Amino acid sequence: MSEPSRGMTRRDALGLMATAAAFGATSWLLPADTSLARPASGKVSPGRLRQSLSRWTSKAPLPELCTRLKAIGFVGVDLLYADEWAVAIDHGMQVSMGYPSRRENFIAMGFNDPANHAVLLKELEATIPLARRAGVTNLITMFGNRKAGIDERQAIDNCVAGLSKIAPYAAENGITICVELLNSKVDHHGYQGDSTAFGTAVMKGVDSPHVKLLYDIYHMQIMEGDVIRTIRENIAWIGHFHTGGVPGRHEIDGTQELNYHAIAKAIADLGFQGYLAHEFVPAGPDPFAAFADAYRICTV
């Protein structure tokens, strides 16, 4: 299976959606009606895992995407900006992961460099109360790209220091900050949070139930393999999962090297209560057929 078009990577999606204006939370305020936090009743997801789909993987308008995913059985949409949350919620879907900002360098700019802390903390501090009002429980952030002069140990300490500052406010508002593990071999050259060991070292240093890892199975299969054992040994530090076929980040069916049904079962057997969000680019002619197949594969 061929590699997905670079025009449909998450990095490029972030770039296209970035705005030139400086970050400002006031334009993102949602209505004060807390009923937005309660998706309308609908099809109950079978199985033990709550499944969602990353918004950037589909070209469908968000209202259509929500309607069609809900019909399949998905309960949420992943990686939405604050001004998109109400659309998903109005269509009976949960927001399984929210962005705290629109920035083209969102992935590269992380907590590993203390020079970034002021901006990252400001973004999270502004978005956390919006998330609480909307019923969004997860916000994403990044470890960031490696910086000259900052070794691995110092990068871990920097991440711990920065994330520890936001952890109490996240806890106060019932929000979990999820820091994503990505591969530096294929998709995100230079990214520092490219191993479970790095991520868990940071999580142990912060030691908060409101700061967790976003364990991206696709990325960690490329970097490490040994996915099921790694998940079992580190589930205490994991708050969210992403999927994707290896190689190529296409469908999670029999065309790739991972057995996602077995992975999903292992996660469910651990009593995981978060979301399993699909984040792959369909290679076939019918994206929604691929999304439905992924949902079926991970229903355990």
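Every condition in (1) free of Cβ contacts under 8 Å to residues at least 60 places away in the same chain; (2) over 18 Å from residue 214 (Cβ atoms); (3) in a helix (DSSP H, G or I) holds for residue 131 except the one numbered (2). Among the residues of the range 51-93, those identified as crowded, with 24+ Cβ neighbours inside 10 Å, closer than 17 Å to residue 279 by Cα and β-branched (Val, Ile, Thr) are 57, 77. Taking first residues from the range 46-75 that are among the polar types (S, T, N, Q) and partners that are surrounded by fewer than 17 Cβ atoms within 10 Å (Cβ to Cβ) and modelled with pLDDT under 95, the Cβ contacts under 9 Å between residues at least 6 apart in sequence or on separate chains come to 57/8; 57/13. Can you name the residue in the range 94-120 that is over 18 Å from the mean Cα position of the chain (by Cα) and over 19 Å from residue 181 (Cβ atoms) and, of all such residues, is surrounded by the most Cβ atoms within 10 Å (Cβ to Cβ)? For the range 94-120, the residue satisfying everything is 117. Taking first residues from the range 141-160 that are at pLDDT 95 or above and surrounded by 14 or more Cβ atoms within 10 Å (Cβ to Cβ) and partners that are assigned to a loop (DSSP other than H, G, I, E, B) and charged (D, E, K, R), the Cβ contacts under 7 Å between residues at least 6 apart in sequence or on separate chains come to 144/113; 147/113; 150/113; 158/113. In the range 255-286, the qualifying residues are those that are under 23 Å from residue 64 (Cβ atoms) and within 20 Å of the chain's Cα centre (by Cα), and the one that is surrounded by the fewest Cβ atoms within 10 Å (Cβ to Cβ) is 282.
Among the residues of this structure, residue 292 counts as one that is within 16 Å of residue 54 (Cβ to Cβ) and either modelled with pLDDT of 95 or more or under 16 Å from the mean Cα position of the chain (by Cα) (or both). Against the criterion of being crowded, with 21+ Cβ neighbours inside 10 Å, touching a strand residue (DSSP E or B) at 6+ places or on another chain (Cβ under 6 Å) and either modelled with pLDDT of 95 or more or among the β-branched types (Val, Ile, Thr) (or both), residue 177 qualifies. Only one entry of 39, 4, 31 meets the criterion of being surrounded by fewer than 14 Cβ atoms within 10 Å (Cβ to Cβ), outside any helix (DSSP H, G or I) and modelled with pLDDT under 75, and that entry is 31. The helices (runs of 4 or more DSSP H) located wholly in the range 155-251 that include 1 or more residues which are under 19 Å from the mean Cα position of the chain (by Cα) and within 18 Å of residue 264 (Cβ to Cβ) occupy 217-223, 227-234. With respect to residue 136, determine if the residue is touching a residue at least 40 places away in the same chain (Cβ under 8 Å), in a loop (DSSP other than H, G, I, E, B) and either farther than 17 Å from residue 108 by Cα or of a type in the set (Gly, Ala, Ser) (or both). Here the answer is yes, as residue 136 does meet what is asked. Return yes when residue 130 is crowded, with 23+ Cβ neighbours inside 10 Å and within 19 Å of the chain's Cα centre (by Cα) and no when it is not. In short, no.
The values are calculated or read from the model by the stated rules, or taken from the named source; none is laboratory data. Model, not experiment: these values are computed from the prediction. Ideal geometry is used to build each Cβ from the backbone, glycine not excepted, and the neighbour counts take in all protein chains shown.
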